[in-house]
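Asks: My questions will all concern the structure given below.
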Amino acid sequence: MKRFLLMTLLFLPTLLFAEGWADSLKVALTFEKDSLGLPVRRVYDETPLCRDSVFFVISKVHQEHICVYEKRQRDTVLLAAYPCCLSAIRGQKAYEGDCRTPESWPGKPFKIWRISDLRKLNLRTSEFRMFGPYYHALKVPGVVGVGIHGTNSPSSIAHGRRSHGCIRLLNEDVTHMVDHYSAVGNQVIILPEKQGPLPFEERALRVVCGLESLTGMGHEMDCFKVCSPCHLIHINPGLDIRQSRLGL
């Protein structure tokens, strides 16, 4: 009961906001289409100050997407947004193998615990071609095998809901994510169905739309902390797995 009340208090404002997004805010998360009809990522800043302070929010409303944020002192900055494909079966994951994308509890985000370079393996097995060039393994309590990865079916990204529970990106987008943002230890929030942006997201979207300034303003977030400068190392040159200083 306490957990239910906590979720209600935290999520009610954003649930009410979900159905009534201002048009100016929707623009920031509306993806243009390329010549093949595939959605094109939006990039606002390719140079995070510290990869360890980057985190991701995955939303299931107004086009399925992954937003990349960075905590900078008292502000949370939107760095990029990627179109993605989530599970065909909607709702919270109940058990392993139910083909649903899990949703994180308030204040308990998932974490990236491994980033694997599958480009060499792709040449040898058809299984790994399904996951594209990179696989971000997520640490989800009670569940294994959930990750953020590429795909051999780019049309599924345009559809939005065709995966078996993982989060699919276009291959060029998951490569862009690895090149510029992701690191082991990054936190990943997956929002429930029909939930709109979190309070700090509303403000970050207003900033990129030019409706608000970063100067002298900001929202504190209890579950994220500003880290010291990060250090990325390759623990296995053969697989190019990225490991951050967090040691997770």
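Asks: Within the set of pairs 6+ apart or on separate chains, which have a first residue in the range 93-117 that is touching a residue at least 60 places away in the same chain (Cβ under 8 Å), a second that is β-branched (Val, Ile, Thr) and surrounded by fewer than 15 Cβ atoms within 10 Å (Cβ to Cβ), and C-beta atoms under 8 Å apart?
Replies: Here the result reads 98/89; 99/89; 100/89, each pair linking the range 93-117 to a residue that is β-branched (Val, Ile, Thr) and surrounded by fewer than 15 Cβ atoms within 10 Å (Cβ to Cβ).
Asks: Going by the conditions given, is residue 98 modelled with pLDDT of 95 or more and either under 20 Å from residue 80 (Cβ atoms) or surrounded by fewer than 18 Cβ atoms within 10 Å (Cβ to Cβ) (or both)?
Replies: No.
Asks: Please return the ranges of strands (runs of 3 or more DSSP E) entirely within the range 91-166 where 3 or more residues are over 23 Å from residue 185 (Cα atoms).
Replies: The strands (runs of 3 or more DSSP E) meeting that bar are 161-163.
Asks: Of everything in the range 28-56, what is of a type in the set (D, E, K, R) and over 13 Å from the mean Cα position of the chain (by Cα)? Give them in sequence order.
Replies: Those that are of a type in the set (D, E, K, R) and over 13 Å from the mean Cα position of the chain (by Cα): 32, 33, 34, 42, 45, 46, 51, 52.
Asks: Name the single residue, out of those in the range 57-90 being β-branched (Val, Ile, Thr), under 21 Å from residue 156 (Cβ atoms) and over 11 Å from the mean Cα position of the chain (by Cα), that is surrounded by the most Cβ atoms within 10 Å (Cβ to Cβ).
Replies: 61
Asks: Among the residues of the range 167-208, count how many are touching a His at 6+ places or on another chain (Cβ under 8 Å), crowded, with 23+ Cβ neighbours inside 10 Å and either among the charged types (D, E, K, R) or part of a loop (DSSP other than H, G, I, E, B) (or both).
Replies: Adding up the residues that qualify gives 3.
Asks: Can I ask one more? If residue 31 meets every condition in (1) in a loop (DSSP other than H, G, I, E, B); (2) farther than 18 Å from residue 157 by Cβ; (3) touching a residue at least 24 places away in the same chain (Cβ under 8 Å) apart from one, which number is that one?
Replies: With respect to (1) in a loop (DSSP other than H, G, I, E, B); (2) farther than 18 Å from residue 157 by Cβ; (3) touching a residue at least 24 places away in the same chain (Cβ under 8 Å), residue 31 is out only on (2).
Asks: So in the range 143-166, with the set limited to residues that are surrounded by fewer than 18 Cβ atoms within 10 Å (Cβ to Cβ) and without any contact (Cβ under 8 Å) to a residue 40 or more places away in the chain, which one is farthest from residue 91 (Cα to Cα)?
Replies: Going through the qualifying residues, I end up with 152.
Asks: Continuing with this model, one more query. Among (1) surrounded by fewer than 21 Cβ atoms within 10 Å (Cβ to Cβ); (2) modelled with pLDDT of 95 or more, there is one condition residue 37 misses while meeting the rest; what is its number?
Replies: Condition not satisfied by residue 37: (2).
Asks: If residue 24 meets every condition in (1) at pLDDT 90 or above; (2) closer than 23 Å to residue 207 by Cα; (3) not in a loop (DSSP other than H, G, I, E, B) apart from one, which number is that one?
Replies: Single failed check for residue 24: (1).
Asks: Taking only the range 171-207 into account, find how many residues are acidic (Asp, Glu), in contact (Cβ under 8 Å) with a residue 12 or more places away in the chain and farther than 14 Å from residue 84 by Cβ.
Replies: Number satisfying all stated conditions: 3.
The values are calculated or read from the model by the stated rules, or taken from the named source; none is laboratory data. Source: prediction; values computed, not measured. For neighbour counting, all protein chains shown are included, and Cβ atoms are generated from backbone atoms with ideal geometry for every residue, glycine included.
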